[in-house]
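Below is one structure; the comments refer to it alone.
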Amino acid sequence: MKLFDVYPLFDINIVKGKGCRVWDEQGTEYLDLYGGHAVISIGHAHPHYVEMVSKQVATLGFYSNSVINKLQRQLAERLGKACGYEDYQFFLINSGAEANENALKLASFYNGRTRVLSAEKAFHGRTSLAVEVTNNPKIIAPINDNGHVTYLPLNDLEAWTREIAKGDVCAVIVECIQGVGGIRMATAEFMQGLRKACDETNTVLICDEIQCGYGRSGKFFAHQHLGVRPDMITVAKGIGNGFPMGGVLIAPKFTPVYGQLGTTFGGNHLACSAALAVLDVVEQEGLTENAAKVGAYLLKELKLLPGIKEVRGEGLMIGMEFDAPIKDIRLKLLKEQHVFTGVSGTNVIRLLPPLCLSMDEADEFLLRFKKVLA
Ligand SMILES: Cc1ncc(COP(=O)(O)O)c(C=O)c1O
């Protein structure tokens, strides 16, 4: 059987990782400024992570959600403290799309409505509702195109409040820093205005922190730069440092109902031990503070480089927009300078390194990047 060929691939087989570096099967070393698409938060093969996951799989990898799982409770407690949402509830699933799917579903159970507002250029995943709130017609299949969603320009508060005031909007969903959309940032005025409009109409405010959350922006959540508390926060990617996991942080006003939400694999023992190891390392190594420091340095230095139209971002989530397509620059970075980076559309290079990127590694990247731009 062949693989279903949906990914345009680089002809590189990565076989090993350590910290912010990965190696291919020929032994070539690469600097990882992509983090496997913002997934590697604490670094590749962190010893504490390896130890905790190895111990857990040797003890109990999985049992179902029909029994108490103390690791889940521990994780919810630890996460609540780490991010400042101790009064919220936590529901665990396996991916980002599932997190948004469940958040939207719960919002609809809560207020009985079916309309959703989402931002232009938004990306929220590929399952039915998650893809419907994603502003990319190419990936919305006819079966997912069910007319629930109005897309509006990010930060156009008037347009959003006008729709919300109609009283029929179930939820609004926003990435406070758009990832796939090209590192575009919501403003504090916009988010605070949305919060107020949602409160007045019992509309649910969901922040998708799947890419911009978990320390990446230099605060635990990107919306914490903007002075709002959403009703639900969705997380995935960095939460398990590569172990497939997603979660929804749910405000106290939502009452759980037996059977309404559920999952076979979500929050299993192995996943929780991975997520607990991640929180240990994020705290012990001050990775959120590191993302703020190294990110600010990179942003400052990148803004000095000639030939880049705009540098945007916060912490270790950085976009560099060029006037022309960046395909060749990215390929040169990879093939000649051995640096992995991400992309948004045709003209934006995205940097999403592990949060442990050091100042020396940032300098190493800048040096290699300058060689490509020269
Ligand atoms: C902001 C955002 N939301 C949701 C998703 C979907 O996550 P997953 O691929 O784990 O389903 C992504 C993935 O890139 C994302 O960047």
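Only the coordinates and a few stated rules stand behind these numbers; no lab work does. Remember, it's a predicted structure, so these values are computed and weren't measured experimentally. Heads up, the Cβs are rebuilt from the backbone with ideal geometry, glycines too, and the neighbour counts pull from every protein chain shown.
Using DSSP to call loops (not H, G, I, E or B), can you name the GluC sites (Glu not before Pro) in the range 85-124 whose Cβ has at most 11 other Cβ atoms within 10 angstrom? Kindly include the intermediate steps, with their values, before the conclusion.
Details: sites: Glu86, Glu98, Glu101, Glu120; in loops: Glu86, Glu120.
Sparse-neighbourhood loop GluC sites (Glu not before Pro): Glu86.
For Asn13, what charge total do you get from the other residues with a beta carbon under 10 Å from its beta carbon, if Lys and Arg give +1 and Asp and Glu give -1?
Working: positive: none; negative: Asp11, Asp24, Glu25.
So the surrounding residues net to -3.
For the range 303-374, run through the trypsin sites (Lys or Arg not before Pro) and keep only the ones in DSSP coil with at most 13 other Cβ atoms within 10 Å of their Cβ.
Numbers: sites: Lys303, Lys309, Arg312, Lys327, Arg330, Lys332, Lys335, Arg350, Arg368, Lys370, Lys371; in loops: Lys309.
Those that pass, being in a loop and sparsely packed, are Lys309.
Mean-square fluctuation check for the chain, GNM, Cα pairs under 10 Å: which of Leu106, Leu31, Leu60 is largest?
Leu60
Just for the range 48-284, what percent of DSSP beta bridges are antiparallel, to the closest 5? Could you put the intermediate results ahead of the total?
Details: 11 of 26 bridges.
Expressed as a percentage, antiparallel bridges in the range 48-284 total about 40.
Quick one: work out the % antiparallel among DSSP beta bridges in the range 122-249, nearest 5. Could the numbers behind the result be given before it?
On the way: 5 of 12 bridges.
Of all bridge pairs located within the range 122-249, approximately 40 percent are antiparallel.
Which aspartates and glutamates does Lys335 reach when only Cα atoms under 20 Å apart count, and residues fewer than 8 places away in its own chain are ignored?
Here the aspartates and glutamates satisfying the reach criterion relative to Lys335 are Asp11, Asp24, Glu25, Glu29, Asp32, Glu361, Asp363, Glu364.
Going down the list Lys332/Lys370; Lys55/Lys81; Lys303/Lys371; Lys219/Lys309; Lys105/Lys253, which pairs span over 18 Å between their C-alpha atoms? Don't skip to the answer; put the middle values down first.
Values: Lys332/Lys370 11 Å; Lys55/Lys81 25 Å; Lys303/Lys371 16 Å; Lys219/Lys309 27 Å; Lys105/Lys253 15 Å.
The pairs that break the limit, which is 18 Å between Cα atoms, are Lys55/Lys81; Lys219/Lys309.
Highest mean first, what order results for 65-75, 244-254 on Cβ atoms within 10 Å? Kindly include the intermediate steps, with their values, before the conclusion.
Working: 65-75: 14.2, 244-254: 21.4.
The most tightly packed comes first, giving 244-254, 65-75.
Any lysines with Cα under 19 Å of the Lys138 Cα? List them, leaving off those in the same chain fewer than 8 positions away.
Lys121
With just the Cα atoms defining each centre, how far is the range 19-85 from the range 200-242? Give it in Å.
Between the Cα centres of the range 19-85 and the range 200-242 lies a distance of 19 Å.
Shape verdict for the chain, please, from the Cα gyration tensor: rounded (a/c under 1.5), prolate (a/b greater than b/c) or oblate.
Numbers: a/c = 1.63, a/b = 1.20, b/c = 1.36.
Oblate, because a/c is 1.5 or more while a/b does not exceed b/c.
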